[in-house]
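Structure first, then comments.
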Amino acid sequence: MELTGKLAEAFSTQVTLELTAATVYRQLAIEMDVMSLPGMAGWFRAQAGEEIEHAEKFMTHMTDRSAHPKIGEQPSPELNIKSVADAFAASLAHEQKVSEAIRELYRLAQTEGDIDSLPLLHWFIDEQIEEEATVSEILDRVKLTGNDGSGLLRLDAELGSRPSDD
């Protein structure tokens, strides 16, 4: 089934949002590098890579269905990061924004009767639940450590052990 109309446009918008998320995560990685927290910086860089993979999934779905993905304008990240907690709160807010966009895509696919998009969108719904839970847990742990340098350094080391394609 060819992907056309409002749904194809919405998928292109989602591609742009996923690529924007990658840029947000790259900026958050920079913020952690500036704070001398290389583990957290690496974690954010790995997240950026995942967002690019997500954009690729949407683009592949579109091209497999004879649609032409178009990347829209991506704004520069407007982040005011003064602490590790700020960085992870910004991450959580962005994940929540992406989650709602995917739910909107799901609703649109249902309205349009496009059952071919539903498996992909189910995967993304599950992925977003996991993403929000992970970032929420990290944010909770950051808040528990407060200004305890040794606690933040332990968390930095833990997050730095995440495998990355970088």
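The values are calculated or read from the model by the stated rules, or taken from the named source; none is laboratory data. This structure is a prediction, so every number in the text was calculated from the model and none was measured. All Cβ positions, glycine included, derive from the backbone under ideal geometry; neighbour counts span all protein chains shown. Note: areas computed on protein heavy atoms with side chains; ligands, DNA, RNA excluded. Shrake-Rupley method; radii C 1.70, N 1.55, O 1.52, S 1.80 Å.
The apolar share of the surface of the chain, taken as the fraction of accessible area on carbon and sulfur atoms (1.4 Å probe, ligands and nucleic acids excluded), comes to 52 percent.
Classify the range 1-66 as rounded, prolate or oblate, taking a ≥ b ≥ c as the square roots of the eigenvalues of its Cα gyration tensor: rounded when a/c is under 1.5, otherwise prolate if a/b is larger than b/c and oblate if not.
Details: a/c = 6.92, a/b = 3.16, b/c = 2.19.
In terms of gyration-tensor shape, prolate.
Helix 149-160 and the long axis of the chain differ in direction by around 40°, with both axes built from C-alpha atoms. Of all lysines in the structure, the ones whose alpha carbon falls short of 19 Å from that of K143, not counting any fewer than 8 places away in one chain, are K82. For the chain, find the longest principal axis of its Cα atoms and tell me its angle to the long axis of helix 38-64, 0 to 90°, nearest 10. The answer is roughly 0 degrees.
Determine which lysines satisfy two conditions relative to K57: a Cα distance under 17 Å, and not lying fewer than 8 residues away in the same chain. Counting by Cα, and skipping residues close in sequence, K57 has these lysines nearby: K70.
Ordered from longest to shortest, the equivalent ellipsoid semi-axes for the range 66-154 are 34, 16, 9 Å, each the square root of 5 times a Cα gyration tensor eigenvalue. H61 contributes about 30 Å² of solvent-accessible surface, heavy atoms of the protein only, 1.4 Å probe. Over the Cα atoms of the range 103-156, the radius of gyration divided by the Kirkwood radius equals 1.33; this is the Rg/Rh ratio. Helix 84-112 sits at what angle to the longest principal axis of the chain, using alpha carbons and giving 0 to 90 degrees rounded to 10? Long axis of 84-112 versus the principal axis of the chain: about 10 degrees.
Between R103 and S150, the modelled label-to-label distance comes to 4.2 nm, taking each label 7 Å out from Cα in the direction of the beta carbon.
Based on protein heavy atoms only, the chain ends up with 52 Å² per residue of surface accessible to a 1.4 Å probe. Projected onto their three principal axes, the Cα atoms of the range 29-80 cover extents of 46, 21, 9 Å, largest first.
Using only DSSP helix segments of four residues or longer, with each worth -39500 (n - 2.57), what per-residue ellipticity at 222 nm results for the chain after dividing by its residue count and rounding to 500? Could you put the intermediate results ahead of the total?
Working: 5 runs with 126 residues, N = 166.
Result for the chain: -27000 deg cm²/dmol, rounded to the nearest 500.
With N counted as the residues of the chain, its alpha-carbon radius of gyration over 2.2 N^0.38 Å works out to 1.12.
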